[in-house]
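One structure is given here, and the rest of the page talks about it.
The values are calculated or read from the model by the stated rules, or taken from the named source; none is laboratory data. It should be emphasised that the depicted structure is a prediction, and the values quoted were computed from it without experimental measurement. Every residue, glycine as well, gets a Cβ built from its backbone with ideal geometry; the counts of neighbours run over all protein chains shown.
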């Protein structure tokens, strides 16, 4: 496999450079003196930003974008094999890397690399650790899967040996990484369009854990049923976190303020260390913060900087993000798109002062919706009122296998919930406007474009 060396800058071309992750990689190597070009299907704020930084951007993916002066080509998993630019890249015989392989190559240039994995909570935990590193002034390079206000986007290019990034299990992409510190937050059934089931997912995380550098450290949720299946035979240091006092890093005396934000006593090896104050809500974020603290401890960051970083973190974009109010109704947006995430978000919402909780949910992909249909219904039942809209197809085609109406039927028949299925956002907005009452909490939820429902309501 081609090896990126920061001491030997080359010309790298990105097919699909406008994506949030691809653009981040391009920005990192631009700052390291590489020549960068790339293409995307349309111009955007991201492509404009890269042009300002010195990248050459082509709009439209064409064979002629693959020029003789390119040394390396990077592409995303979303690129189809019949894409003319991809076909030209293959025909050129030039070295090629996937996005994940490129990220792994970049990571290898840092002495203190941290890869944050897990079915849920990656963006939040990566953001928490990033804020801790910033508080400690270690000048990290950061790659986040969402927008983080503290760094003005999803990428920060530092000048130190510290590198913090998310590590996604989809298509086993995180197997391309060999970090110094690996974090496994949780393991759940997801991405079932790729994985055959939970056993294959567990095996994927096991492989990721075993990719650690020989002197690396695995930080892992000590309360998972599959803990031993992942860690057995691993000849690296293992540190556990979780709510149980049996974990190396745990929490006691958990309390919530009226916004649902937690404070707790941090325990390390069962001994009280300090009080941690979070400015994000929910018990799941207590667990996420413990993972971030564990990584910071391995990096020898002091407790006061950990406390400051966590106190400074007010959430990433689309993670229980308060968007505003209309008619006395608070609108929150959340990226949750898996039953475990939905339940965690709705339970957190109950900690916030409100009358009724309304959840406008847009399922994400047909395969996930079909595979986890009963789980979606149970998770959504934790809201008082549920509005379901059309499934966001993402990379899939609608074959008629499942509909949001199927979730609505389960919610009505098994949980006796107030639920309605309205395929179009305009219908949702009208319904919500006519039925939500003052002091209600309205959550738009999903990984698609459902966020626009709340944004449109706030404009009117």
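Filter region 118-135 down to residues that are within 23 Å of residue 29 (Cα to Cα) and more than 18 Å from the chain's Cα centre (by Cα) and give me whichever is surrounded by the most Cβ atoms within 10 Å (Cβ to Cβ).
Among those that are within 23 Å of residue 29 (Cα to Cα) and more than 18 Å from the chain's Cα centre (by Cα), it is 133.
Which members of region 82-117 meet the condition of being modelled with pLDDT under 95 and either buried (at least 23 other Cβ atoms within 10 Å of the Cβ) or in a helix (DSSP H, G or I) (or both)?
Within region 82-117, 99, 100, 101, 102, 103, 104, 105, 106, 107 qualify.
Give 144, 138 a once-over and let me know the one that is touching a strand residue (DSSP E or B) at 6+ places or on another chain (Cβ under 8 Å) and assigned to a loop (DSSP other than H, G, I, E, B).
138
Please determine, by comparing only the residues of region 1-18 that are surrounded by fewer than 18 Cβ atoms within 10 Å (Cβ to Cβ) and in contact (Cβ under 8 Å) with a residue 24 or more places away in the chain, which one is nearest to residue 156 (Cα to Cα).
Filtering first and then ranking leaves 6.
Does residue 364 count as within 22 Å of residue 197 (Cβ to Cβ) and touching a strand residue (DSSP E or B) at 6+ places or on another chain (Cβ under 6 Å)?
It is true that residue 364 is within 22 Å of residue 197 (Cβ to Cβ) and touching a strand residue (DSSP E or B) at 6+ places or on another chain (Cβ under 6 Å).
Evaluate region 196-204: report whether one residue or more is in contact with a strand residue (DSSP E or B) (Cβ under 6 Å, 6 or more places away or on another chain), modelled with pLDDT of 95 or more, under 20 Å from residue 116 (Cβ atoms) and surrounded by 19 or more Cβ atoms within 10 Å (Cβ to Cβ).
No, that holds for no residue.
Sort out which residues of region 242-282 are in a loop (DSSP other than H, G, I, E, B) and crowded, with 16+ Cβ neighbours inside 10 Å, and write them in order of number.
Selection gives 242, 243, 247, 248, 260, 282.
Identify the residue in region 50-81 that is in contact (Cβ under 8 Å) with a residue 60 or more places away in the chain and either over 26 Å from residue 153 (Cβ atoms) or under 26 Å from the mean Cα position of the chain (by Cα) (or both) and, among all such residues, is surrounded by the most Cβ atoms within 10 Å (Cβ to Cβ).
Among those that are in contact (Cβ under 8 Å) with a residue 60 or more places away in the chain and either over 26 Å from residue 153 (Cβ atoms) or under 26 Å from the mean Cα position of the chain (by Cα) (or both), it is 74.
So which residues in region 391-407 are farther than 16 Å from residue 374 by Cβ and surrounded by 19 or more Cβ atoms within 10 Å (Cβ to Cβ), if there are any at all?
Result: 391, single match.
Within the group 344, 383, which residue is outside any loop (DSSP other than H, G, I, E, B) and surrounded by 22 or more Cβ atoms within 10 Å (Cβ to Cβ)?
Within the list 344, 383, the selection yields 344.
If only one of 219, 230, 238 is within 22 Å of residue 319 (Cβ to Cβ) and assigned by TED's automatic domain parsing to the domain that holds residue 287, which one is it?
From the options 219, 230, 238, the qualifying one is 219.
Applying the selection to region 88-108, what residues are free of Cβ contacts under 8 Å to residues at least 60 places away in the same chain and out of contact with any helix residue (DSSP H, G or I) (no Cβ under 7 Å at 6 or more places or on another chain)?
Once the filter is applied, which keeps residues that are free of Cβ contacts under 8 Å to residues at least 60 places away in the same chain and out of contact with any helix residue (DSSP H, G or I) (no Cβ under 7 Å at 6 or more places or on another chain), region 88-108 yields 90, 91, 92, 93, 94.
For the list (1) outside any helix (DSSP H, G or I); (2) at pLDDT below 95; (3) within 27 Å of residue 284 (Cα to Cα), I need the number of the one condition that residue 443 fails.
Unmet condition: (2).
Kindly indicate whether any position in region 413-427 is surrounded by 16 or more Cβ atoms within 10 Å (Cβ to Cβ) and under 27 Å from the mean Cα position of the chain (by Cα).
yes
Can you name the residue in region 214-230 that is free of Cβ contacts under 8 Å to residues at least 24 places away in the same chain and not in a loop (DSSP other than H, G, I, E, B) and is also farthest from residue 189 (Cα to Cα) among such residues?
By that ranking, first place goes to 228.
Within region 25-46, is there a residue that is surrounded by 16 or more Cβ atoms within 10 Å (Cβ to Cβ), assigned by TED's automatic domain parsing to the domain that holds residue 71, at pLDDT below 90 and not in a strand (DSSP E or B)?
No, every residue in region 25-46 fails to be surrounded by 16 or more Cβ atoms within 10 Å (Cβ to Cβ), assigned by TED's automatic domain parsing to the domain that holds residue 71, at pLDDT below 90 and not in a strand (DSSP E or B).
Name the residue that is nearest to residue 322 (Cα to Cα), counting only residues in region 136-154 that are buried (at least 22 other Cβ atoms within 10 Å of the Cβ) and touching a helix residue (DSSP H, G or I) at 6+ places or on another chain (Cβ under 6 Å).
148
Using the structure shown, decide if residue 239 is under 18 Å from residue 118 (Cα atoms) and in a strand (DSSP E or B).
Yes, satisfied.
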